[in-house]
Amino acid sequence: MTTEMQEIAITEDKPLLTGQADAVKDAELAARILLDQGQEHSVETPYGVLHVTLHGSRTSRRPAILTLHDVGLDSKSCFSPLFKFEEMQEIVKNFTLIHIDAPGQEEGAAPYPAGYQYPSMETVAEMIPAVLQFFNFRSVIGVGVGAGAYVLSKFTIANPDSVEGLVLINIDINARGWIDWAAQKLSSVTSSLTDQIMSHLFSQEELSSNTDLVQSHRERLSKSSKLANVELFWKTYQGRRDLNIDRNSTFKCPVMLVVGDQAPHEEAAVECNSKLDPTTTSFLKMADAGGLPQLTQPAKLTEAFKYFIQGMGYMASSCMTRLSRSRTTSLSSSYSMDGSRSRSRTLSQGSQGGQMPPSPSQTMEVSC
């Protein structure tokens, strides 16, 4: 009996062969790289092919987080810094991410031939259901920036049962008026395409300060091999129609509007907020943020996004971030002081940063 026990112990203590250990490490490394880079897919739709990157599992019972970028950007340059942000990882590990690139806008896309008819904003929205069907998701939480916010709004209006929540950054619901059209015509003569798009993405203050972020985006745009594709997307967005919305019937899901207080789209976002249902809309105006708050203020946007998701009933057990814990007391006093103001309440704060955003059942302007 003793001999058998000794033999069993010797067998269990035998180390893995060197080749086996290396194979395990290689597999783990490959899995980590795949998770970080995502799985890239070319999804056939009735209106053309979309480049889509999936992070996570297709089998999740929760809605996927579906993103769509702005003109002059792609899914990586628009969203990677936000979704790789340290405090965003608590959200990322609980949801599948679906990053859609607008037609021809993905990294390394081949230029379209001369005379190519780029799909309209409405058509791009009509391509999204095929993506959900491809990955077998019944519903999503949409996150769109600029042109992407417009397209996701069109998709949500047409497919209300497919969207559980909507985060719209720099949304502009209006078509260009005659003055805007004339200004754009003049700008197209006097300014390069890169300058036009930079003025769309960044405020004049940001362009004047010429930060590293502005420089990197300008260089990326000017040297892009798909600049002709970007121009087609830009012209299509400039030719968009009014997004006819009203607070009684437009969106059936919670909506969070986000804009920087120095963004070129601040007035447009404020106007959109005035037309949405105040019981299901949150308005986050971020202090000291320009045209791309998801890149310049990822901590504040991550926290707002977390509370937005919790308001929909997901991640209810998630703990508060360090940022929100540090200001809970001052936030409570702000609520009591501003209680008499009905629709848009500006919650100011001292030197500690942003404010905890409201739940989707409240609409208020939050300067953070």
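The values are calculated or read from the model by the stated rules, or taken from the named source; none is laboratory data. Keep in mind that this is a model prediction, so the values were computed, not measured. Ideal geometry is used to build each Cβ from the backbone, glycine not excepted, and the neighbour counts take in all protein chains shown. The accessibility values were calculated without ligands, DNA or RNA, using every heavy atom of the protein model including side chains. Shrake-Rupley method; radii C 1.70, N 1.55, O 1.52, S 1.80 Å.
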Check your understanding: If you take the residues in region 67-105 that are at pLDDT below 95 and in contact with a Phe, Trp or Tyr (Cβ under 7 Å, 6 or more places away or on another chain), which one is least open to solvent (accessible area, probe 1.4 Å)?
Key -> I91
Point to revise | Filtered residues of region 149-162 (kept if open to solvent by 10 Å² or more (accessible area, probe 1.4 Å) and either among the hydrophobic types (A, V, I, L, M, F, W, C) or under 15 Å from the mean Cα position of the chain (by Cα) (or both)) | key: I157, A158
**Study point:** Residue list for region 251-266, filter: open to solvent by 20 Å² or more (accessible area, probe 1.4 Å) and either modelled with pLDDT of 95 or more or touching a Lys or Arg at 6+ places or on another chain (Cβ under 8 Å) (or both)
**Key:** P254, D261, E266
Exercise for review: Check off (1) assigned to a strand (DSSP E or B); (2) modelled with pLDDT under 95 for S57 and give me the number that stays unchecked.
Suggested key: (1)
Practice item. Scan region 74-91 and report the pairs whose first residue is in contact (Cβ under 8 Å) with a residue 60 or more places away in the chain and whose second residue is open to solvent by less than 10 Å² (accessible area, probe 1.4 Å) and among the hydrophobic types (A, V, I, L, M, F, W, C), with Cβ atoms within less than 6 Å and a gap of 6+ or a chain change. Key: C78/V145
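Among the residues of region 120-137, what is the count of those that are of a type in the set (V, I, T) and outside any helix (DSSP H, G or I)? Working first, answer last.
Going through region 120-137, the residues of a type in the set (V, I, T) turn out to be 123-124, 128, 131.
Among the residues that remain, those that are also outside any helix (DSSP H, G or I) are: none.
Residues flagged as of a type in the set (V, I, T) and outside any helix (DSSP H, G or I) within region 120-137 amount to 0.
Going by what's in this entry, would N170 be described as touching a Leu at 6+ places or on another chain (Cβ under 9 Å), of a type in the set (S, T, N, Q) and either at pLDDT 95 or above or surrounded by fewer than 16 Cβ atoms within 10 Å (Cβ to Cβ) (or both)? Even if it seems obvious, please write down each step before you answer.
Numbers: touching a Leu at 6+ places or on another chain (Cβ under 9 Å): yes; of a type in the set (S, T, N, Q): yes; either at pLDDT 95 or above or surrounded by fewer than 16 Cβ atoms within 10 Å (Cβ to Cβ) (or both): yes.
Taking the combined requirement at face value, the residue satisfies it.
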Review point. In the set Q117, Q89, Q105, which member is out of contact with any strand residue (DSSP E or B) (no Cβ under 9 Å at 6 or more places or on another chain) and assigned to a loop (DSSP other than H, G, I, E, B)?
Key: Q117
Review point. So which residues in region 192-225 are of a type in the set (K, R) and in contact (Cβ under 8 Å) with a residue 24 or more places away in the chain?
Key: R218, R220
Point to revise | Criterion violated by E219 - all others in (1) within 30 Å of E271 (Cα to Cα); (2) of a type outside the set (S, T, Y); (3) open to solvent by 30 Å² or more (accessible area, probe 1.4 Å) satisfied | key: (1)
Point to revise | In region 274-303, residue surrounded by the most Cβ atoms within 10 Å (Cβ to Cβ) [restricted to those that are among the small types (G, A, S) and touching a residue at least 60 places away in the same chain (Cβ under 8 Å)] | key: G291
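Answer yes or no as to whether E231 is among the charged types (D, E, K, R), modelled with pLDDT of 95 or more and out of contact with any Asp or Glu (no Cβ under 9 Å at 6 or more places or on another chain). Step through it out loud before you land on a result.
On the way: among the charged types (D, E, K, R): yes; modelled with pLDDT of 95 or more: yes; out of contact with any Asp or Glu (no Cβ under 9 Å at 6 or more places or on another chain): yes.
Yes, satisfied.
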Review point. So, of the residues in region 106-146 that are open to solvent by 50 Å² or more (accessible area, probe 1.4 Å), of a type outside the set (D, E, K, R) and under 20 Å from V71 (Cβ atoms), which turns out to be modelled with the lowest pLDDT?
Key: G108
